[in-house]
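See structure below.
The values are calculated or read from the model by the stated rules, or taken from the named source; none is laboratory data. Values in this document were obtained by computation on a predicted structure and should not be read as measured data. Note that each Cβ is placed from the backbone with ideal geometry, even for glycine, and that neighbours are counted across all protein chains shown.
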Amino acid sequence: MKELIATLALIMFLVGCSNETNLDKSVFENKDSDPETADVKVENSSESLTNSQEEQNNDVKESSRFPESDNQEQKDSQKESESNTDDKNVYKDNNKGDKEKYIEKLNDIEKEATEIRKSDDDTTLGMIKSEEEILSKWDQALNEIYQVLEKQLSKSEMEQLRVEQRKWIEYRDKTAREAAKNYKGGTMESLEYIASKAGTTKERSYELVESNMK
């Protein structure tokens, strides 16, 4: 009787262990092989990665805006600075008297004349062309000065200036003829005549500005 009870107890113990083992195995298999759970995990992981990439792209886009904005601000600042400089120059020019403006203009013509003489081909014909160009610049400047003085001077002052100007023209031509006489019949005659007229015209331009212009 005791042996029978011991045998039954052993059988029940073995059956219980087998059921527990099968239950654990079933739970383990369900964890690893559930396709729905696996799909959810993969989908969630992919979605997380996509969101992370979008956030990074947005960060890059957002950060790229700032340099562009900074560059635009720098350009606007530079334009404003240039505009202010131009306004100052205009204001400065507007506050200059005609006398000061034309002195600067005559000085510029003198510099141009120096450059023109340097750039000729050292032939007589080349030097003549250079002196003709220089004379033309001084003649143009003298005519402009004369027109400004017509507006500034009174009628009596302007009439006196006309008389002086006619005498100056006679002086200019006489001086040029005297300079060219030394080279009469030679290739330098025309050159000296034109160069002399250019020189006296320059002197007259400075004289009128300094003595009569306001």
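Going by the structure shown, is Glu144 surrounded by fewer than 16 Cβ atoms within 10 Å (Cβ to Cβ) and either touching a residue at least 40 places away in the same chain (Cβ under 8 Å) or under 47 Å from the mean Cα position of the chain (by Cα) (or both)?
yes
Checking the structure you have, find out if any residue of the range 106-125 is of a type outside the set (Ser, Thr, Tyr), outside any helix (DSSP H, G or I), within 38 Å of the chain's Cα centre (by Cα) and more than 13 Å from Ala195 (Cα to Cα). Walk me through it before giving the result.
So in the range 106-125, the residues of a type outside the set (Ser, Thr, Tyr) come out as 106-113, 115-118, 120-122, 125.
In the following step, the residues that additionally are outside any helix (DSSP H, G or I) were identified as 120-122.
This time we only want the ones that are within 38 Å of the chain's Cα centre (by Cα), so: 120-121.
Checking the rest, the ones that are also more than 13 Å from Ala195 (Cα to Cα) come to 120-121.
Yes; the residues of the range 106-125 include at least one that is of a type outside the set (Ser, Thr, Tyr), outside any helix (DSSP H, G or I), within 38 Å of the chain's Cα centre (by Cα) and more than 13 Å from Ala195 (Cα to Cα).
Within the range 133-148, identify whether any single residue is part of a helix (DSSP H, G or I), farther than 24 Å from Lys101 by Cβ and at pLDDT 95 or above, and answer yes or no.
Going residue by residue through the range 133-148, those that are part of a helix (DSSP H, G or I) are 133-148.
In the following step, the residues that additionally are farther than 24 Å from Lys101 by Cβ were identified as none.
No, the range 133-148 contains no residue that is part of a helix (DSSP H, G or I), farther than 24 Å from Lys101 by Cβ and at pLDDT 95 or above.
Could you give every pair whose Cβ atoms fall below 8 Å, whose first residue belongs to the range 179-191 and is in contact (Cβ under 8 Å) with a residue 24 or more places away in the chain and assigned by TED's automatic domain parsing to the domain that holds Gly126, and whose second residue is aromatic (Phe, Trp, Tyr) and surrounded by 12 or more Cβ atoms within 10 Å (Cβ to Cβ), counting only separations of at least 6 or pairs across chains?
Correct list of pairs: Leu191/Tyr183.
Which residue out of Tyr206, Tyr193, Tyr171 is among the aromatic types (Phe, Trp, Tyr), surrounded by fewer than 16 Cβ atoms within 10 Å (Cβ to Cβ) and modelled with pLDDT of 95 or more? Steps first, please.
Working: Tyr206 fails: surrounded by fewer than 16 Cβ atoms within 10 Å (Cβ to Cβ); Tyr193 fails: surrounded by fewer than 16 Cβ atoms within 10 Å (Cβ to Cβ).
Every option except Tyr171 fails the conditions.
Could you check the range 171-186 and list, in sequence order, the residues that are under 51 Å from the mean Cα position of the chain (by Cα), farther than 11 Å from Arg204 by Cβ and of a type in the set (D, E, K, R)?
Asp173
Taking the criterion of being over 23 Å from Thr187 (Cβ atoms), touching a Lys or Arg at 6+ places or on another chain (Cβ under 8 Å) and among the charged types (D, E, K, R), would at least one residue in the range 125-142 satisfy it? Even if it seems obvious, please write down each step before you answer.
Of the residues in the range 125-142, the ones over 23 Å from Thr187 (Cβ atoms) are 137-142.
Okay, now just the ones that are also touching a Lys or Arg at 6+ places or on another chain (Cβ under 8 Å), so 138, 141-142.
Now restrict to residues that are among the charged types (D, E, K, R): none.
No; the residues of the range 125-142 include none that is over 23 Å from Thr187 (Cβ atoms), touching a Lys or Arg at 6+ places or on another chain (Cβ under 8 Å) and among the charged types (D, E, K, R).
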